[in-house]
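Heads up: the structure comes next, in C-alpha cells.
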Amino acid sequence: MRLHCGETIREGRVVDGRDLDLSGSAVLAAVRGDDASVTVDAADPGPVHERVGHVHPDVCVSIRAALAAAARSRGLTTPYEERLAEIRAQLADLSVPETSTRTARRAVAERSDEVERLDERVSELRGRVQALRERDALSDADEAELDAAMRDLTDARTELIAARERLDAANETAREARDARERRMEMEDRLANRRREARAHLADGLRAEFRAAVDAAPWATPADPGEADDVTAALAVGRVAELRAPVVVACDRFADPTAAADWLDAPVLRL
C-alpha cells in the first residue's frame, strides 16, 4: 500500500496516518478508488470491504451480512448459486413494455364527440331538407350540404372505430405490462428469498470462526459473540475474511497498527 497526502508519501503493509490531517471518509474513498483529497494505491477492495473496511467507534455492523460477505471473499459458495443465477437470468430476459392508454383514450373521446356533433348536424340537415322538399323549395346546394355532412359523419365513425381498436390494443399492452410487472415482482421476491438463504448459509459456515475471533480479541469480550459491540464484530469479521485492500482502523483496540495488521492478517491504515 502507498499513501499520498500532499507532499507526504508513506508505504508498507502498515501505514500510520494519525499525525496527518485526514478524515476516515476521505481515506476510505481513496481506498475504494473514489475521488478524495488523498490517494491510496493498493489492491482493489471486495464486497466485504463495504462492511468492515472502515472500523471506527460509530461503526454499525450486520453480523450475518458481514459474515456472508467474508465467506464470499474466501471463495465460498452455497447450494443456492444455480437457482440464483437462473432467477437473475429470468429477470434479465423479462421486459416490461412501456405503455400508456392516455393518448388512445383521449383520441376515442375526441372522435366520439366529433361523431356526436356530426350526427346532430346530419339530423338537423335532414329535417331541413325534408321541410324544403315538402314545400318544393329544395335546392341542389341543400342536398349537397346534407351529402357532405353525411360523408363527414361516415368518415368520423370510421375514425372512431379505428381509435377504439387502438385503445383496445393499448389496453391489451397495458394488461401485458401489468402481468410482466407482477412476474417481475414475484421473481424479485424469490431472488430476495434465495439471497437471504444464501447469506444465512454462508454466515452459518463462519460462525465458529467468528466466535473464535471474538474470543481471540486482545480486549475484553462477552461470552456470547452475538452480544459483541460493533467494533469487536467488525474486527472479528475482518479477521475471518480474506482482505486484500487496506482496512482503515480508527479505534484503539490494539497496542499499535502493526498489531492490528497481524491480528487481522490484512494491510492496515491507522487513523
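The values are calculated or read from the model by the stated rules, or taken from the named source; none is laboratory data. Computed from a predicted structure; not experimentally measured. Glycine gets a Cβ as well: all are built from the backbone with ideal geometry, and neighbour counts include every protein chain shown. Surface areas here come from the heavy atoms of the whole protein model, side chains and all, with no ligands, DNA or RNA. Shrake-Rupley method; radii C 1.70, N 1.55, O 1.52, S 1.80 Å.
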Calculate for the chain the 222 nm mean residue ellipticity that helices alone would give, adding -39,500 (n - 2.57) per DSSP H run of length 4 or more and normalising by residue count, nearest 500 deg cm²/dmol.
-20500 deg cm²/dmol
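Rounded to the nearest 0.05, what FRET efficiency is calculated for Asp230 and Arg207 with R0 set to 25 Å and r the Cβ-Cβ distance?
Working: r = 17 Å, r/R0 = 0.70.
Computed FRET efficiency for Asp230 and Arg207 comes out at 0.90.
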If r is the Cβ-Cβ distance from Arg190 to Leu76 and R0 is 25 Å, what FRET efficiency results, to the nearest 0.05?
0.65
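Tell me, what % of the accessible area of the chain is carbon and sulfur with a 1.4 angstrom probe? Can you show the working numbers first?
Values: 6810 of 15520 Å².
Carbon with sulfur: 44 percent of the solvent-accessible area.
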Lys and Arg at +1, Asp and Glu at -1: add these up for the other residues within a Cβ distance under 9 Å of Ala69 and post the number.
+2
Expressed in nanometres to one decimal, the distance between label points 7 Å along Cα→Cβ at Ala180 and Glu165 is 2.4
If I model a spin label at Leu20 and Ala137 as a point 7 Å from the Cα along the Cα→Cβ vector, what separation in nanometres do I get?
10.4
Most to least accessible of Ile87, Ile161 (protein chains only, probe 1.4 Å):
Ile161, Ile87
Given a 10 angstrom Cα cut-off, can you work out which residue in Val248, Val108, Val14 is the most mobile in a GNM of the chain?
Val108
Quickly work out the Ser112-to-Glu11 label distance, labels modelled 7 Å from Cα along the C-beta direction, and quote it in nm with one decimal.
7.7
For mean projected area of the Cα convex hull in nm², the choices are (i) 24.6; (ii) 12.8; (iii) 18.6; which was calculated from the structure?
(i)
If you count only protein heavy atoms and use a 1.4 Å probe, how large is the accessible surface of Glu159, to the nearest 10 Å²?
90
Given the candidates Pro97, Phe254, Val61, the one whose Cα lies deepest towards the positive end of the charge dipole of the chain, counting +1 at each Lys or Arg C-beta and -1 at each Asp or Glu C-beta, is Phe254
So, taking all protein chains as they sit and a 1.4 Å probe, how much accessible area belongs to Glu172, in Å² rounded to tens?
80
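Just the number please: accessible area per residue for the chain, 1.4 Å probe, all protein chains included, in Å². Kindly include the intermediate steps, with their values, before the conclusion.
On the way: 15520 Å² over 271 residues.
That works out to 57 Å² per residue.
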